[in-house]
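First comes the structure, then the notes that go with it.
Please treat every number below as a calculation from the coordinates, not as lab data. Computed from a predicted structure; not experimentally measured. Every residue, glycine among them, receives a Cβ derived from its backbone with ideal geometry; neighbour counts consider all protein chains shown.
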Amino acid sequence: MYLVSACLVGVKCRYDGTNVPDETLQELFESGQAFPVCPELLGGLPCPRECCEIIQTDNKNRRVISKSNKDFTSEFEQGATQTLELCKTLGITAAILKSKSPSCGYGQIYDGSFSGNLIEGNGLAAELLAKNNITVFDELNWQSE
């Protein structure tokens, strides 16, 4: 079974209250092979919510900051921890997550300037899963593996 970003299987849980359904992933979910999760909702954030990106601070810490400069790092960390706990509880060893997200992005995320620029990096949930031996894919590359 896969863990999958809930927005990819039709749940309207993205920051703007929308989803980005992927037909193949929806079929995987409907066949019982995927468990949908939104780390940001698990962290206690509402839907819709303000757009957030990850920034690197002067002391090399990562913070999740909204477009209006509010710090939501603790909610994103809590969501990441809850997502990992679900994987452990359900015995899930692979995740298919939404690309570029400050929670789910894997390999590339937005640079924190809210300009659409991408940098190498991972969202908080994706990184925590990978550090705990969960194989992480994004919706663009999971079928090639």
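Annotations
- Single residue of Phe76, Phe35 found to be under 25 Å from Asn133 (Cβ atoms) and surrounded by fewer than 21 Cβ atoms within 10 Å (Cβ to Cβ): Phe35
- Per the conditions (1) within 18 Å of Ala130 (Cα to Cα); (2) β-branched (Val, Ile, Thr); (3) buried (at least 19 other Cβ atoms within 10 Å of the Cβ), the sole criterion not satisfied by Thr81 is (3).
- Of the set (1) in contact with a Leu (Cβ under 8 Å, 6 or more places away or on another chain); (2) surrounded by fewer than 20 Cβ atoms within 10 Å (Cβ to Cβ), all apply to Cys87 but (2).
- Qualifying residues in the stretch 124-138 (those that are outside any helix (DSSP H, G or I) and out of contact with any strand residue (DSSP E or B) (no Cβ under 6 Å at 6 or more places or on another chain)) - the one surrounded by the most Cβ atoms within 10 Å (Cβ to Cβ): Asn132
- Subset tally (residues that are part of a helix (DSSP H, G or I) and within 24 Å of Gln26 (Cα to Cα)) for the stretch 66-123: 11
- Any hit, the stretch 73-87, residues being among the aromatic types (Phe, Trp, Tyr), under 15 Å from Leu41 (Cα atoms) and free of Cβ contacts under 8 Å to residues at least 60 places away in the same chain: yes
- Matching residues, the stretch 33-56, being over 15 Å from the mean Cα position of the chain (by Cα) and under 20 Å from Gln108 (Cβ atoms): Ile55, Gln56
- Residue count, the stretch 101-123 (criterion: touching a residue at least 24 places away in the same chain (Cβ under 8 Å) and surrounded by fewer than 21 Cβ atoms within 10 Å (Cβ to Cβ)): 6
- Residue in the stretch 38-63 that is nearest to Tyr15 (Cα to Cα), counting only those that are assigned to a loop (DSSP other than H, G, I, E, B), touching a helix residue (DSSP H, G or I) at 6+ places or on another chain (Cβ under 7 Å) and of a type in the set (A, V, I, L, M, F, W, C): Cys47
- For the stretch 44-56, the set of residues classified as farther than 24 Å from Glu120 by Cα and either among the hydroxyl-bearing types (Ser, Thr, Tyr) or buried (at least 21 other Cβ atoms within 10 Å of the Cβ) (or both) consists of Leu45 only.
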